[in-house]
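Trainee: Sharing a structure, written as structure tokens. Questions coming.
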Amino acid sequence: MTTSTNGGTAPAMRPLLLLPGYWLGAWIWGPIVESLTGRGVRAQAVTLPGLESSQARRDQVHFADHVDFVVANLEAFGEPAVLAAHSGSGAVATAVSDRVPELLAKIVYVDSGPCTDGTIPVPDLPAEATELPFPGVDALPATGASVEGISDQDKARFEALAVPHPAGACREPVELHDSRRNAIPATLVCCSIRSEQVRELAAAGEPTFAAVNDLTDLTFIDLPTGHWPMFSRPDDLAELLYREAADA
């Protein structure tokens, strides 16, 4: 615990690194980072390689490049951090936890989750493709991604700022070797799929959720909304992440 300026005590906060999902950059976490830093948290959102802009080179970006980039950002904190991963970046977070478990105090999967060894995030992406195009906001529900709670203004911003995802970063298998990753405290923030359903799917061995069964220190938190709570419930998500950083 640390002493606050008014004589009370405030929790010692872990730094927090925020990963966006497919097609997105650090901007998606903007209000969350602003809220957290305003409360004294060392919160940093990153844009993964190949997602800097619509003009960014994506043809030479590989899954390992995303993992290396996140590891470097974690090392810069100089202490174990909380890693928050949204959507497709859950695979990156899993690979990072396998590579440097000592750098992680906790992983928070936001409408996401861990994956198993050999997982190919987008297995049907053609071999010749260099990128995974953004399908457009209106097409997202057909892919199973709920846009519940997103305002028309935010939908327009989403449409304007989303960029294609590097194909190599979602077509290559996730390679895992160190079982210590499973002991890292993890929190699953369940938004578009409720925690009860996640538990049932994991227990049934459904491949997408199978790795959940391997986690030995796991907490479920329901935050009912669509797949992008940064848009639909930013204040609640910021508060949740603040508590996770304080408890790590």
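Trainee: If I filter segment 14-41 down to residues being assigned to a helix (DSSP H, G or I) and more than 18 Å from Glu239 (Cβ to Cβ), which single residue comes out as least open to solvent (accessible area, probe 1.4 Å)?
Mentor: Checking each candidate, the answer is Ala26.
Trainee: Condition first: of a type in the set (A, V, I, L, M), touching a strand residue (DSSP E or B) at 6+ places or on another chain (Cβ under 9 Å) and in a loop (DSSP other than H, G, I, E, B). Now tell me which residues in segment 109-126 satisfy that.
Mentor: Val122, Leu125 - these are the residues of segment 109-126 that are of a type in the set (A, V, I, L, M), touching a strand residue (DSSP E or B) at 6+ places or on another chain (Cβ under 9 Å) and in a loop (DSSP other than H, G, I, E, B).
Trainee: Looking only at segment 198-242, how many residues end up being more than 27 Å from Trp27 (Cβ to Cβ) and in contact with a strand residue (DSSP E or B) (Cβ under 8 Å, 6 or more places away or on another chain)?
Mentor: The number of residues fulfilling the criteria is 8.
Trainee: Going through segment 88-108 one residue at a time, which ones are within 26 Å of Ala56 (Cβ to Cβ) and either in contact with a strand residue (DSSP E or B) (Cβ under 7 Å, 6 or more places away or on another chain) or among the basic types (Lys, Arg) (or both)?
Mentor: The answer is Ser89, Gly90, Val92, Ala93, Val96, Arg99.
Trainee: Look at Ala129 and say whether it is open to solvent by 50 Å² or more (accessible area, probe 1.4 Å) and small (Gly, Ala, Ser).
Mentor: No, not satisfied.
Trainee: Do you know which of the residues in segment 144-184 that are closer than 14 Å to His66 by Cβ and of a type in the set (Asp, Glu) is surrounded by the fewest Cβ atoms within 10 Å (Cβ to Cβ)?
Mentor: Taking the candidates together, the pick is Glu175.
Trainee: For a quick check of your reading of the model, give me the residue pairs whose first member lies in segment 191-217 and is farther than 20 Å from Arg181 by Cβ and modelled with pLDDT of 95 or more, whose second is part of a loop (DSSP other than H, G, I, E, B) and open to solvent by 80 Å² or more (accessible area, probe 1.4 Å), with beta-carbon atoms closer than 9 Å and at least 6 apart or on different chains.
Mentor: Between residues of segment 191-217 that are farther than 20 Å from Arg181 by Cβ and modelled with pLDDT of 95 or more and residues that are part of a loop (DSSP other than H, G, I, E, B) and open to solvent by 80 Å² or more (accessible area, probe 1.4 Å), the close pairs are Cys191/Glu148; Ser192/Glu148.
The values are calculated or read from the model by the stated rules, or taken from the named source; none is laboratory data. Because the structure is a prediction, the values reported are computed rather than measured. With ideal geometry, Cβ positions are generated from the backbone for all residues, glycine too; neighbour counts draw on all protein chains shown. These accessible areas exclude ligands, DNA and RNA; they are computed on the full protein's heavy atoms, side chains included. Shrake-Rupley method; radii C 1.70, N 1.55, O 1.52, S 1.80 Å.
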